[in-house]
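The values are calculated or read from the model by the stated rules, or taken from the named source; none is laboratory data. A quick note: this is a predicted structure, and the numbers were derived from the prediction, not measured. For neighbour counting, all protein chains shown are included, and Cβ atoms are generated from backbone atoms with ideal geometry for every residue, glycine included. Accessible surface is based on the protein model in full, side chains and every heavy atom, while ligands, DNA and RNA are left aside. Shrake-Rupley method; radii C 1.70, N 1.55, O 1.52, S 1.80 Å.
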Amino acid sequence: MTNFVHKNILHTKQFSKEDLETIFKTARDMEDVISGKTSGWQLAGKIMASLFYEPSTRTRLSFESAMKRLGWEVITVAAAKSTSLSKWESLEDNAIINAMYSDILVMRHPEAGSVQITSDATEKPVINAWDGANQHPTQALLDVYTILKERWRLDNLTISIVWDLKYGRTTHSLVFLMWLYDNVDFRFISPVELKMPEKVITFLKDKNIPYTETTDYKSGIDNADVIYVTRLQRERFTDISEYERLKNDFILTNDVLLSGKPDITIMHPLPRVNEVDHEVDALPNAAFFRQAENGVPVRMALLYLLLKD
Ligand code: CP
């Protein structure tokens with residue numbers, strides 16, 4: 001991609017290693033803007049349409065915070081029922097109108113492919129903020145940025161990914177970015193019902209990237225540098241008794257962590273339910289709140305790179 005101006009951000013596979021370097025270097029600069037160390041990055045007059053047709057706390061508010069930190073404006077949709085999509089307006093017509101009122105569209109929608117439909121309907125840049133069972137590329141960007149900040153490298157890492165690997169789309173997006181780095185070894189820890197989907201496994205096999213799959217939490221984090229925990233997504237289960245049967249099976253506690261390196265970086269895209277016990281929060285290597293905070297400089301960097309001309 002290299003030149004970001006007016007590009008769409010739809011999926012993680014579009015990024016090269018050089019793209020990530022550019023985004024992360026700009027995100028470092030944006031941290032200085034946030035802390036007030038530097039200024040001059042603000043560009044007047046841009047408007048972001050913040051289109052969230054599915055619930056969100058971190059993604060929507062960090063995008064809107066990023067826009068405001070850059071001195072720009074935001075118009076917001078925080079629920080599908082408050083828009084004319086609830087009156088059966090098509091995604092295409094909705095996109096054309098939203099693009100007339102803004103310079104960039106950030107969109108979350110429950111249907112896979114919906115953000116692509118929106119970007120096909122407008123010349124304005126569109127950022128995917130999570131489209132159904134598909135991807136969450138900006139979450140993956142901030143996850144990789146967090147790994148870089150916490151471990152000081154992106155090569156030579158063992159990353160254990162835990163729990164709902166079937167529906168946990170952030171884990172798929174993370175794999176589709178981390179494969180760009182050398183010597184990254186994945187461990188997938190989950191019950192068999194929630195294994196990593198075939199599309200991710202096939203991708204790793206095609207790229208010759210090492211991975212292992214296990215149902216055993218403790219052996220799965222042995223000697224890992226990073227543990228990435230996901231939430232069991234109750235809303236994706238058609239049979240709620242299946243959710244009730246599984247919900248307490250993989251809970252990260254200080255006892256489980258005794259099987260890992262003492263400094264293992266603990267990540268979670270949040271929100272969490274019960275899968276990371278609150279006793280873990282006090283550990284210096286519990287990085288999940290810093291990870292959420294990193295959403296602002298990373299999203300500032302993306303918005304800046306897409307809109308700066
Ligand atoms: N991690 C994440 O996407 O959080 P939200 O659903 O709150 O945006």
Subject >> Shape category assigned to the range 15-164 from the gyration tensor of Cα positions, a/c cut at 1.5 >> reply: oblate
**OP:** Quick one: angle between helix 295-307 and the longest Cα principal axis of the chain, in degrees between 0 and 90, rounded to 10, please.
**Re:** 40
Original post:
Once amide H atoms are placed 1.01 Å from N in the peptide plane, what residues at a sequence separation of 5 or more from ARG187, or on another chain, have their amide H within under 5 Å of its amide H?
Top reply: ILE159, SER160, ILE161, THR212
Subject >> Student exercise, the chain dipole from Lys, Arg, Asp, Glu Cβ charges, in Debye to nearest 20 >> reply: 480
**OP:** Just check the range 1-68 against the gyration tensor rule for me: Cα atoms, a ≥ b ≥ c as the square roots of the eigenvalues, rounded for a/c under 1.5, and otherwise prolate or oblate depending on whether a/b exceeds b/c.
**Re:** oblate
Subject >> Options PRO262, SER90, GLY45, ranked by Cα towards positive dipole end of the chain, top entry (Cβ charges) >> reply: GLY45
Subject >> Residue-span extension gain [THR38 to THR202] - 0.36 nm each, minus C-alpha spacing >> reply: 54.6 nm
Original post:
Roughly how many Å² is the accessible area per residue of the chain, as a whole number, for a 1.4 Å probe?
Top reply: 43
Original post:
What is the sum of charges around PRO271, taking Lys and Arg as +1, Asp and Glu as -1, for the other residues whose C-beta is under 9 Å from the C-beta of PRO271?
Top reply: +3
Subject >> Cβ-based charge dipole, the chain, positive-most Cα from GLY220, THR230, VAL144 >> reply: VAL144
Subject >> Under 15 Å, Cβ to Cβ, from SER62 - net charge with Lys/Arg +1 and Asp/Glu -1 >> reply: +3
Original post:
Sorted by average packing, counted as other Cβ atoms within 10 angstrom per residue and highest first, what order do 22-35, 290-303, 95-108 take?
Top reply: 290-303, 95-108, 22-35
Original post:
Leaving out same-chain residues fewer than 8 places away, which lysines sit with a Cα under 17 Å from that of LYS25?
Top reply: LYS17, LYS37, LYS149, LYS308
Original post:
Mean 1/r over all different Cα pairs, inverted: what Kirkwood radius does the range 137-292 give, in Å?
Top reply: 15.5
Original post:
Round to a whole number: what % of the accessible area of the chain belongs to carbon and sulfur, probe 1.4 Å?
Top reply: 50
**OP:** Two decimals is fine: what is log10 I(q)/I(0) at q = 0.11, 0.12 Å⁻¹ for the chain, from a Debye sum with one equal scatterer on every Cα and no solvent?
**Re:** -0.67, -0.80
Original post:
What is the magnitude of the charge dipole of the range 129-255 about its Cα centre, with +1 placed on the Cβ of each Lys and Arg, -1 on the Cβ of each Asp and Glu, and no other charges, expressed in debye to the nearest 20?
Top reply: 200
**OP:** Report the net charge of residues surrounding GLU213, where surrounding means a beta-carbon distance below 9 angstrom and charges are Lys +1, Arg +1, Asp -1, Glu -1.
**Re:** +2
Original post:
Counting every Cα pair in the range 75-152, what percent are over 17 Å apart?
Top reply: 50
